[in-house]
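Engineer: My questions all concern the structure below.
The values are calculated or read from the model by the stated rules, or taken from the named source; none is laboratory data. Treat the numbers as computed from the prediction; the structure is a model and nothing was measured. Reconstructed Cβ throughout: ideal geometry from the backbone, glycine too, with neighbour counts over all protein chains shown. Surface areas here come from the heavy atoms of the whole protein model, side chains and all, with no ligands, DNA or RNA. Shrake-Rupley method; radii C 1.70, N 1.55, O 1.52, S 1.80 Å.
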There are 4 protein chains.
Amino acid sequence: MITQCETSEELDQLVERARAYAKEGKVADYIPALGQADPNDLSIAVHYTDGRCLAAGDTEKTFTLQSISKVLTLALAIMDNGEDYVFERVGMEPTGDPFNSIAKLETMIPSKPLNPMINAGALAVTNMINGNTVEEKLGRLLAFVHDMTGKSHITYSSKVAESEFKTANLNRSLCYFMKEHGIIQGDVEELIDLYTKQCAIEVNCNDLARIGLVIANEGKDPETDREIIPRQISRIVKTFMVTCGMYNASGEFAIRVGIPAKSGVSGGILGAYPNKLGIGICGPALDDKGNSIAGIKLLEMMSARYGLSIF
Amino acid sequence: MITQCETSEELDQLVERARAYAKEGKVADYIPALGQADPNDLSIAVHYTDGRCLAAGDTEKTFTLQSISKVLTLALAIMDNGEDYVFERVGMEPTGDPFNSIAKLETMIPSKPLNPMINAGALAVTNMINGNTVEEKLGRLLAFVHDMTGKSHITYSSKVAESEFKTANLNRSLCYFMKEHGIIQGDVEELIDLYTKQCAIEVNCNDLARIGLVIANEGKDPETDREIIPRQISRIVKTFMVTCGMYNASGEFAIRVGIPAKSGVSGGILGAYPNKLGIGICGPALDDKGNSIAGIKLLEMMSARYGLSIF
Amino acid sequence: MITQCETSEELDQLVERARAYAKEGKVADYIPALGQADPNDLSIAVHYTDGRCLAAGDTEKTFTLQSISKVLTLALAIMDNGEDYVFERVGMEPTGDPFNSIAKLETMIPSKPLNPMINAGALAVTNMINGNTVEEKLGRLLAFVHDMTGKSHITYSSKVAESEFKTANLNRSLCYFMKEHGIIQGDVEELIDLYTKQCAIEVNCNDLARIGLVIANEGKDPETDREIIPRQISRIVKTFMVTCGMYNASGEFAIRVGIPAKSGVSGGILGAYPNKLGIGICGPALDDKGNSIAGIKLLEMMSARYGLSIF
Amino acid sequence: MITQCETSEELDQLVERARAYAKEGKVADYIPALGQADPNDLSIAVHYTDGRCLAAGDTEKTFTLQSISKVLTLALAIMDNGEDYVFERVGMEPTGDPFNSIAKLETMIPSKPLNPMINAGALAVTNMINGNTVEEKLGRLLAFVHDMTGKSHITYSSKVAESEFKTANLNRSLCYFMKEHGIIQGDVEELIDLYTKQCAIEVNCNDLARIGLVIANEGKDPETDREIIPRQISRIVKTFMVTCGMYNASGEFAIRVGIPAKSGVSGGILGAYPNKLGIGICGPALDDKGNSIAGIKLLEMMSARYGLSIF
């Protein structure tokens, strides 16, 4: 396990240049815990398959996964149920609609969330995780995170989870709609409980970069080569990160950056360049699509300078 | 220029296995010229950056580009007008809507086609090609195709173009809607004339593979290294091929195949694996999304066997 | 109070002719209690402002109000809160969308149910009824029904209410969506509890005709002239019965029949011809829009024969 | 024929009070001819079945029918083709969508304009008017107007028609969409020509009130009792005026006013109170829904004072 990353003057400079864009963004404030983040924060860790590691900014500061968790539950749900089961219930197609939209669930016949990265699809995916209770399911997800990060103490912020649980009415609306249409089963409040806890899992940039590295490394632990995620599933996950990872700015991000990535409303960005490196970023100030404004700028600069686009 | 491709027993076998799926598809028949295609046809050419070339099936048989032309006009329009001009008028985001949908043009404020691969966006892009007349614009597009294929006799089928012109009422509807909203300028009938001719450009699998190779090769002629498309534009084009190249089955294709590709209703598929190879396929029997059913199967098999996914 | 209605050979004949259409319809079966209704039933009571009363079929057989209750809660909610309060939260416009649609709640800015006759609007209206508990609110609604019918024993079917409560996931979805947007307040489960009980209120055709007569009679008790509903509110209610009373067949019904009316999925139809008569019909076999197929036919015949269109 | 209407101090006062609202509205200015109207104008004529006539304001000033013409072409198209033919192609249902919306044409299966008062439906209806040429069809429509008004010199403003023809791209979009789906036949430009001319027919308030009177009088000439429109068709027309006559403020208008009415973007309003009176209003300043803001206020006051609601 990496304990100490190198620093790089060049990366520091890129971070400083990108940080300047933070003031054009806005920290999410629909729950108090997110609103307290410092909009000027920007940190990054890059972990390479060869064991090297670069970092800039405060990479030990924790933040919650939020929508980044959708990538992890998707991998786990496919490992639990197989591709066919998952994709019979959730589609594979990107959408131009906002992440929290319900309209397409109504107009699509049969009703089916378009992909696992919008809220409807992510809720349906979380509903598929094996386990008899919320605790058991969450325990399995945390164990999966421990496996990927090599850090067994990672858990969720109950304060954030509780706040999100209280405000999750739109997600409840999506769930009951999907329950009506047989896409999800079981108790909706329990699903919301699990989902808000999954979103509240706390990591730092190094943890995130390590997760990205496992995905980049075809699902294998970069040190031991042990398979954490089957190769095909790691590939599926990267594909969704390209086609729908950055809300409805995914297409633009693919053009301007070209790295499979997934963002969260806490300002986190998970990146995974196939067979090469994993990235963890945190910059809480968001653009109007809900992505870290400075984080995206930083990735644009890095992609341009180091040729990181997969295209 | 490649004059003769090698054959390969293995590729022949894959083609035969994929061809079996053709009978589950259906040849497009909204105009007579397309309806006459043999649903059991399936041919492929693969051109490598190192000059090698593999082929199977009748790779000299011509077919019309149809929607594949959207990739070429996008490149040309950006070369003519710059990224900013183009993407102020046409978005970069994939959509879950059908290729010919108009509803989003109405609900998006301001009105803007979501991307250049749906019909609305492609019509807006074609409207941006420099030139004073339809002939001049078409001449420039054909010259661009000649440049990419190395074959200066390639032209369009006036029979197909005329048929498409007569049935192009949905495209006219899209154009007048966009004209109302200032997305396109000028005479709609002239634009439809140009667009139907661009769709009717006739190529064979080798031509298509060669076009794919130029795109894969960062826009450079693979033999002379001369720049035909600027590198950044070739990257943009590949990105759209991944996020929106296969109509609203693009997400699934990215997962199952993972090669930047664009299909047309004639059964053609253009593929471009970055820095490695270009692919030209023709298999006229289509699935319910409008993609070559056997062509997609063939690419799935090839991607699985040869590890061709970029993810 | 009317105790015994006259019979009329002519009306009996119309009922028999209309009943023949019942076999083209289908009894609602999403809950067992509704599914047990006899599809061939058809009964009608017509109460006139002058005290006369005509009946045909078994007008003492009870059925549940279902969506007909929306008319009553709308009147009560306006009496409780005033027009301004109600119509700030719920619109006045008819819609071409299905009664249970959620899409418009998302696309309308600000979010607002289009009218009080679709489920979203009706739920928002029920949420406005004064009272501290579900029991108190329901008690007030029942008292209102007792007032209109002159029958103080009318109550709801707990069996039907419980069944509806279990299957009300779409309504829960609508409620949570509206809660997110501040259209409704308070506990969603309590609102669903109240709403399903309101829908399960049991009446017979005479009760329904009497309710219609009060509405027709400008809100006044036809015998005592006492005001039960203020005149202006009775007018509002009749207007919605014309523009949105028959789901998304309201326009056609207005043309073919022209009587302010509201239907329910139990096969009930409430009619109110201004200053003249009230109608109560029950015919459980529904057409594909969810209206009593024989009931509508009967009203068409009556409107044609007796000139009952308000247009 | 009425040559001179009475004046009434009371009506004059209502007009003055209503006129005060004009300054909150805005004259349509998408074509110059409409933009030149005086926003403070407000005039009204009321013609009764018994031959009386009341007027206030400059009731001889002409204005163009615009969307009010939809009522006339609907009557003529049903007279030409029968109810069944017309309503197989155009629906009867009101809609919450804007008058010029295209989205529902795409989402409704099969594609069909929701009603004849939105642009799509009105264009489809105009397409049904009998005649071999635009001139012949327009001649028949004008003859119909002459018959209703008793004034044979009424014609259209070629200046307005030409301006509208040039800016009619949204209507062209609707037409080509409907042509694709078989809802309309023939040449789109000819249909747009006819439609813009029909919208440009010039009348004054007295003409409009006379048209309203014929519709109110069950389609019969109020002086000679001669049938100009069959009774059933006059009823259909009044029904649409209630459910969809005032764009997507029809529901509110039905509640606040309750008179069958149809507005146009020139500020005209046609009213028809069954068996009683016809109304013609002109007040060019429009509210945000496109209805005469002072005209609607005037009708609200009149309906409240004289009890003119049909509900």
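Engineer: Within the group C:ALA216, C:ALA209, which residue is at pLDDT 95 or above and either more than 14 Å from every other protein chain (Cβ to nearest Cβ) or open to solvent by 10 Å² or more (accessible area, probe 1.4 Å) (or both)?
Structural biologist: Of C:ALA216, C:ALA209, the one residue that is at pLDDT 95 or above and either more than 14 Å from every other protein chain (Cβ to nearest Cβ) or open to solvent by 10 Å² or more (accessible area, probe 1.4 Å) (or both) is C:ALA209.
Engineer: Now for a separate question. Residues that are in contact (Cβ under 8 Å) with a residue 60 or more places away in the chain, away from chain C (no Cβ under 14 Å) and not hydrophobic (A, V, I, L, M, F, W, C): list the helices (runs of 4 or more DSSP H) wholly contained in the range D:43-154 that include at least 1 such residues.
Structural biologist: D:69-89, D:119-126, D:134-149
Engineer: Within the group A:ARG226, A:ARG235, which residue is among the basic types (Lys, Arg), more than 8 Å from chain B (Cβ to nearest Cβ) and open to solvent by 10 Å² or more (accessible area, probe 1.4 Å)?
Structural biologist: Exactly one of A:ARG226, A:ARG235 is among the basic types (Lys, Arg), more than 8 Å from chain B (Cβ to nearest Cβ) and open to solvent by 10 Å² or more (accessible area, probe 1.4 Å), namely A:ARG226.
Engineer: Could you tell me whether B:ILE281 is of a type outside the set (S, T, N, Q), in a loop (DSSP other than H, G, I, E, B), crowded, with 24+ Cβ neighbours inside 10 Å and in contact with a Gly (Cβ under 6 Å, 6 or more places away or on another chain)?
Structural biologist: no
Engineer: Can you pull out the residues in the range B:136-151 that are more than 11 Å from B:THR73 (Cα to Cα) and in contact with a helix residue (DSSP H, G or I) (Cβ under 9 Å, 6 or more places away or on another chain)?
Structural biologist: B:ASP147, B:MET148, B:THR149, B:GLY150, B:LYS151
Engineer: Is it the case that D:LEU14 is at pLDDT below 95 and either under 12 Å from D:ALA294 (Cα atoms) or part of a helix (DSSP H, G or I) (or both)?
Structural biologist: Answer is no for this residue.
Engineer: Are any residues in the range C:73-91 out of contact with any Leu (no Cβ under 7 Å at 6 or more places or on another chain) and within 17 Å of C:SER263 (Cα to Cα), and if so, which ones?
Structural biologist: C:LEU74, C:ALA75, listed by residue number.
Engineer: Another question, then. When you go through D:LYS297, D:LYS289, D:LYS238 one by one, which is the residue that is assigned by TED's automatic domain parsing to the domain that holds D:GLY51 and either part of a loop (DSSP other than H, G, I, E, B) or closer than 19 Å to D:THR62 by Cα (or both)?
Structural biologist: It is D:LYS289.
Engineer: Has the range D:176-185 got any residue that is within 14 Å of chain B (Cβ to nearest Cβ), in contact (Cβ under 8 Å) with a residue 40 or more places away in the chain and part of a helix (DSSP H, G or I)?
Structural biologist: Yes, the range D:176-185 contains a residue that is within 14 Å of chain B (Cβ to nearest Cβ), in contact (Cβ under 8 Å) with a residue 40 or more places away in the chain and part of a helix (DSSP H, G or I).
Engineer: Working only within the range B:126-150, note down all residues that are exposed (fewer than 14 other Cβ atoms within 10 Å of the Cβ) and closer than 21 Å to B:PRO222 by Cβ.
Structural biologist: B:ALA143
Engineer: Moving to a separate point now. Quick one: which of C:GLU189, C:GLU252 is within 14 Å of another protein chain (Cβ to nearest Cβ), within 28 Å of D:PHE311 (Cβ to Cβ) and open to solvent by 10 Å² or more (accessible area, probe 1.4 Å)?
Structural biologist: C:GLU252 is the lone residue from the list that is within 14 Å of another protein chain (Cβ to nearest Cβ), within 28 Å of D:PHE311 (Cβ to Cβ) and open to solvent by 10 Å² or more (accessible area, probe 1.4 Å).
Engineer: Filter the range D:103-125 down to residues that are of a type in the set (Gly, Ala, Ser) and either on the phi > 0 side of the Ramachandran plot or open to solvent by 10 Å² or more (accessible area, probe 1.4 Å) (or both), then give me how many there are.
Structural biologist: Selection size over the range D:103-125: 2.
Engineer: For the range C:155-170, which positions are in contact (Cβ under 8 Å) with a residue 60 or more places away in the chain, among the polar types (S, T, N, Q) and surrounded by 17 or more Cβ atoms within 10 Å (Cβ to Cβ)?
Structural biologist: C:SER157, C:SER163
Engineer: Taking the range C:3-19 as the region of interest, how many residues are open to solvent by 40 Å² or more (accessible area, probe 1.4 Å) and under 25 Å from C:SER67 (Cβ atoms)?
Structural biologist: So the answer is 1.
Engineer: Now for a different question. Can you tell me which condition C:LEU170 does not meet? The list is (1) of a type in the set (A, V, I, L, M, F, W, C); (2) in contact with an Asp or Glu (Cβ under 7 Å, 6 or more places away or on another chain); (3) away from chain A (no Cβ under 14 Å), and all the others hold.
Structural biologist: Among (1) of a type in the set (A, V, I, L, M, F, W, C); (2) in contact with an Asp or Glu (Cβ under 7 Å, 6 or more places away or on another chain); (3) away from chain A (no Cβ under 14 Å), C:LEU170 violates only (3).
Engineer: So is A:SER173 among the small types (Gly, Ala, Ser) and open to solvent by 10 Å² or more (accessible area, probe 1.4 Å) or not?
Structural biologist: So A:SER173 does not fit the description; no.
Engineer: Name every residue in the range D:20-42 that is open to solvent by less than 70 Å² (accessible area, probe 1.4 Å) and part of a strand (DSSP E or B), in order of residue number.
Structural biologist: Once the filter is applied, which keeps residues that are open to solvent by less than 70 Å² (accessible area, probe 1.4 Å) and part of a strand (DSSP E or B), the range D:20-42 yields only D:VAL27.
Engineer: Could you list, in sequence order, the residues of the range D:68-111 that are under 18 Å from the mean Cα position of the chain (by Cα), polar (S, T, N, Q) and farther than 19 Å from C:ALA254 by Cβ?
Structural biologist: Those that are under 18 Å from the mean Cα position of the chain (by Cα), polar (S, T, N, Q) and farther than 19 Å from C:ALA254 by Cβ: D:SER69, D:THR73, D:ASN100.
Engineer: Next question. Of the residues in the range C:258-274, how many are at the interface with chain D (Cβ under 10 Å from one of its Cβ atoms) and either assigned to a loop (DSSP other than H, G, I, E, B) or out of contact with any strand residue (DSSP E or B) (no Cβ under 8 Å at 6 or more places or on another chain) (or both)?
Structural biologist: The qualifying residues number 3.
Engineer: Test each condition in (1) in contact with a helix residue (DSSP H, G or I) (Cβ under 9 Å, 6 or more places away or on another chain); (2) more than 10 Å from D:ALA294 (Cα to Cα) for D:GLY25 and report the one that comes out false.
Structural biologist: Here D:GLY25 clears every test but (2).
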